[in-house]
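The values are calculated or read from the model by the stated rules, or taken from the named source; none is laboratory data. As the structure is a prediction and not an experimental result, all values here were calculated from the model. FYI the Cβ positions are ideal-geometry reconstructions off the backbone, even for glycines, and counts take in every protein chain you see.
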Amino acid sequence: MSVFADCQDIRKMAVFKEIDCPKCGAKESIEVIERDNLTTGDSICDQCGFTIPEGVVLERYLDELKQK
Ligand SMILES: [Zn+2]
């Protein structure tokens, strides 16, 4: 079944990362799930509640934050 196959593909490609919060600087306070180089679901800082939205390229998003 194609639905089941899609589900397996998603699992294979999901990457879990813990990153430092770009806002408050807390170490590894944000758990990000990436799939196809895009974030999946909201990634929220444990310390300050800063949120990385779903569907962004993580590294590009963080670069843009630095530039502002
Ligand atoms: Zn934070």
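Report yes if some residue within region 38-59 is at pLDDT 90 or above, part of a helix (DSSP H, G or I) and of a type outside the set (S, T, N, Q); otherwise report no. Checked region 38-59: at least one residue is at pLDDT 90 or above, part of a helix (DSSP H, G or I) and of a type outside the set (S, T, N, Q). Residues that are small (Gly, Ala, Ser), within 16 Å of the ligand (Cβ to nearest atom) and loosely packed, with under 14 Cβ neighbours inside 10 Å within region 36-66 comprise just one, GLY49.
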